[in-house]
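Remarks on the structure that follows.
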Amino acid sequence: MFDRRFLALILSGLLPIVGCAANDGASESGVDSDPSTLKILSWQAPTILNPHLTVGFKDWEASRITLEPLATFNKDGELVPVLAAEIPSQENRGVAADGLSVTWNLKPDLLWSDGEPFTAEDVAFTYALIANAETGTTNAGAYETVDRVEAIDDTTVKVTFKAPTPAWSLPFVGAVGSVLPEHVFADYNGANLREAAANLMPIGTGPYRVVDFKPGDVVVYEPNPHYREAESLNFDRVEIKGGGDATSAARAVLQTGDADLADNLQVEPQVLAQLEEGGKGTVLASFGPLLERLEFNYTDPDAANADGIVSTLEFPHPFLTEAPVREAISLAVDRETIATQLYGKAGEASGHFLLEPAQYKSPDAEFAFDPEQAIAVLEEAGWTDTNGNGTRDKGGVELKLVFQTSVTPVRQKTQEIIKQTLEAIGIGVELRSIDASVLFSGDASNTDTLQRFTADVQMYTTGNSNPDPADYMKTYTCGELSQPETSWSGQNFSRFCDPAYDALWDAASTELDPEKRAALFVQMNDLLVSQFAVVPLVHRADAIGVSNGLAGLDPTPWDRMTWNIAEWRKTDGAAE
């Protein structure tokens, strides 16, 4: 049975050693004093700069500096125009009263970073590219309700929906809304999209343009001379350096001062607190919709079809399709210990899949850590240790699973805790750790990615990228199944499929009454949790390390950190 003393050994044995006195050769003043250079560490290194071809936040973050949406949401959930001249509303006749369309007026005289004019035709083309099934884009779900996109004139674009749609602010908004240049991608609107050079050297309307990109290593930007407010930019050079690990990235900002900013600091709270004593920076942790979760593979990762491909619908999983097995795993996960010991103030144990905004959070979804009940559930379902080897079996199938996630100190410790508690109830566990640049790459040819999911269980974080959760909750619909027929572009990596869930999503996608719509999303959350289709673990804060000399950041949970990089600047570190 589970012994918390063993947990203490896991935590102490795996805890990184941080030397507070070391400075790795950094100067006393810390970050390069040159105020014209911005140094960002993204230890999960970017591998592609087209946000419509990736599932990784690391790639969205890097591409967001160059590519822009029509609008985005600030931290208060308010729409802010970016390429749009104003936010559509019923009052200004931008939002149709019947919910069937939205019309965006664009800022005039905008240019792409190569000097070509930006027009409404680029917006219409971007939709056509995303909606084209041959392109295999990963953000297609956000545009599922769209019927057509029309350029009325150079600065007016109309989005018409298939049915009355409350989520009119989902397409072309925030991180999933980046607009692509038609003159650059026109010859790649098909299966050849991944061959486009602009996936690595993007042409955008944003404040900085890419001048050098080594995938998995470094991205270098310089000011976009055609940016609409080019004279206001504060940096001559922006660098995103990848590689290393989260602890080293945190040390470089907080202790040695070798960098200005480090994102996604999945580091134990006691380590971050120790590093902050270096006095060179602070950790900003803000709670939004991010959820660390366990996801089950409903297909068999060991059975290959005629083409030698595994994890296809042709072969259901030999035991994870059984609800009692998934329930037992959920009961054997000690969320409170994981959240308290590994996340501290940057995490809260959670039993919810949909966390934000508050009106969509279920009041009923609960979780329990009860290994004894987990054993009882397995016994009742016929899973016993007939072989006497400590692993339960039934009908010649043993409860042995491969559990994968990305390489971070926190995630490897989480794996160890879960492995120990699962093995205590008779489930064998093999741990697999995959470099983040691979796991989140979106590379359809690589079997080690989230979407290929060739393990039994995987752990990662995501959340709704828009205050409207329609796209996020669409993840587990049957139409989003990640399969070879869709070039593994679907967001439903687990291949869970329930017509009852789909019916709820269909109803929510056209329900214009806010209260009724919120109730539908709550039902969807409760269905996923009650069927143990997904096991929520930790409501995660988005933690970033920021140099004392960097100002202007305005993090929002509804877009990437770099959304307002045009306003960032360096100071002398004094309070303002």
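The values are calculated or read from the model by the stated rules, or taken from the named source; none is laboratory data. These numbers were taken from a predicted model, which means no experiment stands behind them. Glycine gets a Cβ as well: all are built from the backbone with ideal geometry, and neighbour counts include every protein chain shown. For the accessible areas, the whole protein counts, side chains as well, though only heavy atoms, and no ligand, DNA or RNA atoms are used. Shrake-Rupley method; radii C 1.70, N 1.55, O 1.52, S 1.80 Å.
Residues that are of a type in the set (S, T, N, Q) and surrounded by 20 or more Cβ atoms within 10 Å (Cβ to Cβ): does segment 314-321 have at least one?
No.
Scanning segment 382-412 for residues that are hydroxyl-bearing (Ser, Thr, Tyr) and open to solvent by less than 50 Å² (accessible area, probe 1.4 Å) yields 384, 391, 405, 406, 408. Select from segment 209-244 the residues that are within 20 Å of residue 181 (Cα to Cα) and either open to solvent by 40 Å² or more (accessible area, probe 1.4 Å) or in contact with a Lys or Arg (Cβ under 9 Å, 6 or more places away or on another chain) (or both) and list them in ascending order. Those that are within 20 Å of residue 181 (Cα to Cα) and either open to solvent by 40 Å² or more (accessible area, probe 1.4 Å) or in contact with a Lys or Arg (Cβ under 9 Å, 6 or more places away or on another chain) (or both): 209, 211, 212, 221, 222, 223, 224, 225, 226, 227, 228, 229.
Report yes if residue 415 is part of a strand (DSSP E or B), free of Cβ contacts under 8 Å to residues at least 60 places away in the same chain and open to solvent by less than 10 Å² (accessible area, probe 1.4 Å), otherwise no. So residue 415 does not fit the description; no.
Hey, among the residues in segment 102-130 that are open to solvent by less than 20 Å² (accessible area, probe 1.4 Å) and assigned to a strand (DSSP E or B), which one's nearest to residue 181 (Cα to Cα)? The extreme case among them is 106. Kindly provide the set of residues from segment 148-182 that are part of a helix (DSSP H, G or I) and open to solvent by 10 Å² or more (accessible area, probe 1.4 Å), ordered by number. The one that is part of a helix (DSSP H, G or I) and open to solvent by 10 Å² or more (accessible area, probe 1.4 Å): 182. Residues that are over 22 Å from residue 218 (Cβ atoms), outside any loop (DSSP other than H, G, I, E, B) and among the small types (Gly, Ala, Ser) within segment 31-80 comprise just one, 71.
Could you look through segment 272-300, keep only residues that are touching a Pro at 6+ places or on another chain (Cβ under 7 Å) and crowded, with 22+ Cβ neighbours inside 10 Å, and pick out the one that is nearest to residue 337 (Cα to Cα)? Walk me through how you get there before you give the answer.
As a first pass, look at segment 272-300 and keep what is touching a Pro at 6+ places or on another chain (Cβ under 7 Å): 284, 286, 288-289, 291, 293, 298-300.
Add one more test, that the residue is crowded, with 22+ Cβ neighbours inside 10 Å, and what stays is 289, 291, 299.
Numbers: 289: 21, 291: 16, 299: 30 Å.
Checked segment 272-300; the qualifying residue nearest to residue 337 (Cα to Cα) is 291.
Listed by first and then second residue, the pairs with beta-carbon distance under 8 Å, at least 6 apart or on different chains, first residue in segment 420-433 and within 19 Å of residue 370 (Cα to Cα), second among the aromatic types (Phe, Trp, Tyr), are 420/2; 420/6; 421/2; 424/2; 426/383; 429/403.
Quick check on this structure: which one of 332, 304, 358 is over 24 Å from the mean Cα position of the chain (by Cα), surrounded by fewer than 22 Cβ atoms within 10 Å (Cβ to Cβ) and of a type in the set (A, V, I, L, M)? Result of the check over 332, 304, 358: 304.
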